[in-house]
Number of protein chains: 2
Amino acid sequence: MKINPDRFLKDLHTLRSFGASGVGKGVVRPAFSAADIASREWLLAQFEAAGLTPHVDPVGSVWGLAEAPSLLLGSHSDSQPEGGWLDGALGVIAGLEVARAAKEAGGPSVSVVSFQDEEGRFGGTTASSIWAGGVSLEEADKFADFEGVTFAEARKSMAHLAGDFVDHSQFTGFIEMHIEQGPWLDQAREAIGVVTDIVGIRDLNVTFDGDQNHAGTTPMHFRRDAVQGMVAAISQINTAFAPVVSESTVWTNGHITPHPNASSIVPGQVRFSMQWRDRDTVRLDQMERIIRDTVEAVANARGLGFKISDYWALEPVSMDERLRRALADSAEITAPGKWRAMPSGALHDATCVSALMPVAMLFVPSINGISHAFSEDTKENDLVTGLTVLSRAVERLTN
Amino acid sequence: MKINPDRFLKDLHTLRSFGASGVGKGVVRPAFSAADIASREWLLAQFEAAGLTPHVDPVGSVWGLAEAPSLLLGSHSDSQPEGGWLDGALGVIAGLEVARAAKEAGGPSVSVVSFQDEEGRFGGTTASSIWAGGVSLEEADKFADFEGVTFAEARKSMAHLAGDFVDHSQFTGFIEMHIEQGPWLDQAREAIGVVTDIVGIRDLNVTFDGDQNHAGTTPMHFRRDAVQGMVAAISQINTAFAPVVSESTVWTNGHITPHPNASSIVPGQVRFSMQWRDRDTVRLDQMERIIRDTVEAVANARGLGFKISDYWALEPVSMDERLRRALADSAEITAPGKWRAMPSGALHDATCVSALMPVAMLFVPSINGISHAFSEDTKENDLVTGLTVLSRAVERLTN
């Protein structure tokens, strides 16, 4: 098959026009917004024009279906409230171009999908989770956005287009192309990342309970200061992590709520988030042990009460070996010495789809590592290199 | 003169009935609330019955004036939104009892005051600040409470009672009796604290600016995480303070605002409060130097931007030597070996009044160091011991 880079870039820019922010190349296209629905109708027309069977499922994912069995390509075309123009849109349009070129060449059989609400207006990877059985439709229908609109209400806006869920047994595998969203490729001046694993995530909240007291009259030795407990715990956790973590392990204390949060009152309580990600379940366990032990030790040393919430977790997902090797071999031919194998630190629809079929992912560089911002971008030749690697991998897998 | 402890305790309990919370002995009597105004009208009647000239000034402070020149006793009878029954009310009723006993004995000349809004519905030590010239009435009139009511509007509710400001030149000094609000006396089973100084306060905000980024795809070495900068700065400041501080020095990080405050986003900014108190200006300066140097060093080491706000400050106030010695001598006679000289870690009306005349303070114990809470309390015999020390000091100063 013969891909057409100009057609691919033109379609990418057309998709960008739906919800274009007017700030840089950014887009405002959250799931089920008017711009999102219009863009999905446009996608369905492109699928049909490419000779694929257009289809909308009950949760707003749009499909271009080829003859079964087929390989599935795609990602998501909804954006963050202030999103980049590529993000998941890149994987959808790359999938469209490869499926179209394959149709023109009389094969192989390639289908395309744009999953709905990967960006989490209603939670995150919402449509692919439902499709893969990670969450029931009944449960998901109760999810609400920040304005109280439920998923059930939102998906009514596409109900007039919707058919049934797609039978996953028609697909032999799923390949998702995406921007890296991190700095590794850009810093190394490489063109392609072939994903080895999507990292696992654990996310919990720690609460320290002390005594709320007068910040003038309460001597230091008499205090049970929750914020000082938090500072000690985070410091000690950082130190204890050092011998355990790898170069790609990350951890974040992104959320802090002190109480009563006043400069003249010794804080009686603080709740803070602890999130950590790694590709290795054993390491995730080791880090969790350190967190639990440190929090307890700090609380005991300072006479504080503590609570550790239930955690929200996603296990690491390894990419399918056959699909991954096809991507790696194609990357080496297309960009010799200019690609790397790497984990994905972000979640993707591929995480959910891995419950149904073999999955793999490839990344193109993010300039300065920026994503989820209007300033997100990737060099045009890197976009085309990514498309080329994807199409060559499809050829390898179907020959 | 002969003080009457029963009459003193009865009046204290009557004052408590204005705004009694129904929870323990607590009161809800913020400045210019209906309960506060009713209690001030009751106080004026007690002043009159004691043979003092009742007077209300334009900012809601109520006065019982004796023949000039006189010694001024008192404190404040407004409370926190959830306040203790003693707090400033103790100093007002103790002043009333001593002035009344002095009248009955034909001298000395003792006046009494209950300042308005010490607890800060409109800022803190509001009426005594205005009286002492720390803030102009015009400026204070613009202060608003959390519901947007201005001081100008609030003080209209007592305007029908109000005369002019009181001429401070008629007073030879001011003695304020108060609960300690800290644990020192209660822990040591002592009855009286004679205040040496009211500590100075400095209060500023530190802001660290980093890069807001994806908590999955941004490697640790690439991050400029504002919250991690804060944790490092607070830890290092604690360590650097150790050789500089005294037993009574206190410092507090009571307020923290991270941005965007989400568990999956590397925090791009955090603002946190740093407040420190000590009786010694040199030490306050040393601590400030440590804070500024540490914040700058942490910012430089981590590639963060930083801002240090202007600070809000009150200089330490030394108690007048003659008044303080009268209190100390009376304490030693009344409770030999059961009193101590100590700084006040909290602000009081005496801080403001010190701009006008010699001031001194004495403390009675706070059970478990609790104040600004319904559970605030002091043993009855400690209350009477405090009253006795106050009356004896007045006799010493006027004989």
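Take region A:182-235 and flag every residue that is among the aliphatic types (A, V, I, L, M) and more than 26 Å from B:R277 (Cβ to Cβ). If you could, list the steps in order and put the result at the bottom.
To start, the set of residues in region A:182-235 that are among the aliphatic types (A, V, I, L, M) comprises A:185, A:188, A:191-192, A:194-195, A:198-199, A:201, A:204, A:206, A:215, A:220, A:226-227, A:230-234.
Hits for region A:182-235 are A:L185, A:A188, A:A191, A:I192, A:V194, A:V195, A:I198, A:V199, A:I201, A:L204, A:V206.
Condition check ((1) touching a Leu at 6+ places or on another chain (Cβ under 9 Å); (2) closer than 27 Å to A:D141 by Cα; (3) at pLDDT below 95) across all residues:
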| position | (1), (2), (3) |
| --- | --- |
| A:Q46 | yes, no, no |
| A:A50 | yes, no, no |
| A:V56 | yes, yes, no |
| A:W63 | yes, yes, no |
| A:E67 | no, no, no |
| A:L71 | yes, no, no |
| A:G74 | yes, yes, no |
| A:D78 | no, yes, no |
| A:A94 | yes, no, no |
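Taking region A:95-115 as the region of interest, how many residues are closer than 17 Å to A:V389 by Cβ and assigned to a loop (DSSP other than H, G, I, E, B)?
1
Could you say whether any residue in region B:68-83 is under 27 Å from B:A152 (Cβ atoms), over 23 Å from the mean Cα position of the chain (by Cα) and among the acidic types (D, E)? Steps first, please.
Of the residues in region B:68-83, the ones under 27 Å from B:A152 (Cβ atoms) are B:72, B:74-83.
From what is left, the residues that are over 23 Å from the mean Cα position of the chain (by Cα) are none.
No, there is no match, as no residue in region B:68-83 is under 27 Å from B:A152 (Cβ atoms), over 23 Å from the mean Cα position of the chain (by Cα) and among the acidic types (D, E).
Does A:M342 fit the bill of being under 22 Å from A:L90 (Cα atoms), of a type outside the set (S, T, N, Q) and at pLDDT 95 or above?
Working: under 22 Å from A:L90 (Cα atoms): yes; of a type outside the set (S, T, N, Q): yes; at pLDDT 95 or above: yes.
Yes, satisfied.
Being closer than 25 Å to B:S371 by Cα, of a type outside the set (A, V, I, L, M, F, W, C) and touching a Ser or Thr at 6+ places or on another chain (Cβ under 6 Å), is that true of even one residue in region A:261-281?
yes
Step by step: first the residues of region A:139-151, then only those that are under 25 Å from A:H348 (Cβ atoms) and of a type outside the set (F, W, Y), then the one that is least open to solvent (accessible area, probe 1.4 Å). Which residue is that?
Filtering region A:139-151 for residues under 25 Å from A:H348 (Cβ atoms) gives A:139-146, A:149-151.
When the remaining residues are screened for being of a type outside the set (F, W, Y), the result is A:139-142, A:144-145, A:149-150.
Values: A:E139: 100, A:A140: 0, A:D141: 34, A:K142: 145, A:A144: 56, A:D145: 23, A:V149: 43, A:T150: 31 Å².
Top of the filtered list is A:A140.
Please go through (1) more than 30 Å from A:D293 (Cβ to Cβ); (2) without any contact (Cβ under 8 Å) to a residue 24 or more places away in the chain for A:V194 and return the number of the only condition it doesn't satisfy.
Of (1) more than 30 Å from A:D293 (Cβ to Cβ); (2) without any contact (Cβ under 8 Å) to a residue 24 or more places away in the chain, only one is false for A:V194: (2).
Just a yes or no: is a residue in region A:233-251 touching a residue at least 60 places away in the same chain (Cβ under 8 Å) and at the interface with another protein chain (Cβ under 9 Å from one of its Cβ atoms)? Can you show your working first?
Looking only at region A:233-251, we keep the residues that are touching a residue at least 60 places away in the same chain (Cβ under 8 Å), and these are A:233, A:236, A:248, A:250.
Right, trim to at the interface with another protein chain (Cβ under 9 Å from one of its Cβ atoms) and you get A:248, A:250.
Yes, region A:233-251 has at least one match.
Looking at region A:202-216, which of its residues are within 7 Å of chain B (Cβ to nearest Cβ) and open to solvent by 10 Å² or more (accessible area, probe 1.4 Å)?
A:D203, A:H214, listed by residue number.
Is at least one residue of region A:319-337 within 14 Å of chain B (Cβ to nearest Cβ) and among the aliphatic types (A, V, I, L, M)?
The answer is no, given that none of the residues of region A:319-337 is within 14 Å of chain B (Cβ to nearest Cβ) and among the aliphatic types (A, V, I, L, M).
Quick one: is A:T281 surrounded by fewer than 20 Cβ atoms within 10 Å (Cβ to Cβ) and more than 10 Å from every other protein chain (Cβ to nearest Cβ)?
When the stated conditions are applied, A:T281 passes them.
Given (1) at pLDDT below 95; (2) among the β-branched types (V, I, T); (3) open to solvent by less than 10 Å² (accessible area, probe 1.4 Å), identify the lone condition not met by B:V23.
Just one mismatch for B:V23, condition (3).
Condition check: of a type in the set (S, T, Y) and more than 14 Å from the chain's Cα centre (by Cα). Does B:T351 satisfy that?
no
Limited to region A:218-264, what total is found for residues that are open to solvent by 10 Å² or more (accessible area, probe 1.4 Å), closer than 30 Å to B:S246 by Cα and touching an Asp or Glu at 6+ places or on another chain (Cβ under 9 Å)?
Residues in region A:218-264 being open to solvent by 10 Å² or more (accessible area, probe 1.4 Å), closer than 30 Å to B:S246 by Cα and touching an Asp or Glu at 6+ places or on another chain (Cβ under 9 Å): 8 in total.
Given the structure, is A:E332 out of contact with any Asp or Glu (no Cβ under 9 Å at 6 or more places or on another chain) and free of Cβ contacts under 8 Å to residues at least 12 places away in the same chain?
yes
Quick one: A:I175 ticks every box in (1) buried (at least 24 other Cβ atoms within 10 Å of the Cβ); (2) under 23 Å from the mean Cα position of the chain (by Cα); (3) modelled with pLDDT of 95 or more; (4) within 14 Å of chain B (Cβ to nearest Cβ) except a single one, so which number is it?
The one condition A:I175 does not meet is (4).
Among the residues in region B:105-116, are any open to solvent by 50 Å² or more (accessible area, probe 1.4 Å), more than 11 Å from B:A31 (Cα to Cα) and either among the aliphatic types (A, V, I, L, M) or in contact with a helix residue (DSSP H, G or I) (Cβ under 6 Å, 6 or more places away or on another chain) (or both)? Steps first, please.
First pass over region B:105-116, keeping only residues open to solvent by 50 Å² or more (accessible area, probe 1.4 Å): B:105-106.
The next check asks that each one be more than 11 Å from B:A31 (Cα to Cα); those that pass are B:105-106.
Then drop every residue that is not either among the aliphatic types (A, V, I, L, M) or in contact with a helix residue (DSSP H, G or I) (Cβ under 6 Å, 6 or more places away or on another chain) (or both), which leaves B:105.
Among the residues of region B:105-116, at least one is open to solvent by 50 Å² or more (accessible area, probe 1.4 Å), more than 11 Å from B:A31 (Cα to Cα) and either among the aliphatic types (A, V, I, L, M) or in contact with a helix residue (DSSP H, G or I) (Cβ under 6 Å, 6 or more places away or on another chain) (or both), which makes the answer yes.
Return the residue satisfying two criteria in turn: it lies in region A:26-56 and is open to solvent by less than 10 Å² (accessible area, probe 1.4 Å) and touching an Asp or Glu at 6+ places or on another chain (Cβ under 7 Å), and of such residues it is farthest from A:S109 (Cα to Cα).
A:G26
Which numbered condition in (1) over 20 Å from B:N205 (Cβ atoms); (2) touching a helix residue (DSSP H, G or I) at 6+ places or on another chain (Cβ under 7 Å); (3) at the interface with chain B (Cβ under 7 Å from one of its Cβ atoms) is the only one that A:G254 fails?
Evaluating A:G254 over (1) over 20 Å from B:N205 (Cβ atoms); (2) touching a helix residue (DSSP H, G or I) at 6+ places or on another chain (Cβ under 7 Å); (3) at the interface with chain B (Cβ under 7 Å from one of its Cβ atoms) leaves (2) as the failure.
What residue, of B:V194, B:V199, is of a type in the set (A, V, I, L, M), within 14 Å of another protein chain (Cβ to nearest Cβ), over 30 Å from A:T249 (Cβ atoms) and surrounded by 18 or more Cβ atoms within 10 Å (Cβ to Cβ)?
Details: B:V194 fails: within 14 Å of another protein chain (Cβ to nearest Cβ).
Matching residue, one of B:V194, B:V199: B:V199.
When B:R292 is evaluated against the numbered criteria (1) in contact (Cβ under 8 Å) with a residue 60 or more places away in the chain; (2) out of contact with any helix residue (DSSP H, G or I) (no Cβ under 7 Å at 6 or more places or on another chain); (3) more than 11 Å from every other protein chain (Cβ to nearest Cβ); (4) not aliphatic (A, V, I, L, M), which criterion, by number, is the only one it fails?
Exception for B:R292: condition (1).
Give just the number: which of (1) among the charged types (D, E, K, R); (2) out of contact with any helix residue (DSSP H, G or I) (no Cβ under 9 Å at 6 or more places or on another chain); (3) closer than 28 Å to B:R202 by Cα; (4) surrounded by fewer than 23 Cβ atoms within 10 Å (Cβ to Cβ) does B:E332 not satisfy?
(3)
If a residue must be buried (at least 22 other Cβ atoms within 10 Å of the Cβ) and without any contact (Cβ under 8 Å) to a residue 60 or more places away in the chain, how many such residues does region B:266-278 contain?
2
Limited to region A:302-356, what total is found for residues that are outside any strand (DSSP E or B) and either hydroxyl-bearing (S, T, Y) or within 20 Å of A:V135 (Cβ to Cβ) (or both)?
Within region A:302-356, residues that are outside any strand (DSSP E or B) and either hydroxyl-bearing (S, T, Y) or within 20 Å of A:V135 (Cβ to Cβ) (or both) number 18.
Considering only residues that are touching a helix residue (DSSP H, G or I) at 6+ places or on another chain (Cβ under 8 Å) and more than 15 Å from A:A393 (Cβ to Cβ), which ones fall in region A:76-99?
Those that are touching a helix residue (DSSP H, G or I) at 6+ places or on another chain (Cβ under 8 Å) and more than 15 Å from A:A393 (Cβ to Cβ): A:H76, A:S77, A:D78, A:S79, A:W85, A:L86, A:G88, A:A89, A:L90, A:V92, A:I93, A:L96.
The values are calculated or read from the model by the stated rules, or taken from the named source; none is laboratory data. In this text the structure is predicted, and so the values were computed from the model without any measurement. Virtual Cβ from ideal backbone geometry, glycine too; neighbours counted across all protein chains shown. These accessible areas exclude ligands, DNA and RNA; they are computed on the full protein's heavy atoms, side chains included. Shrake-Rupley method; radii C 1.70, N 1.55, O 1.52, S 1.80 Å.
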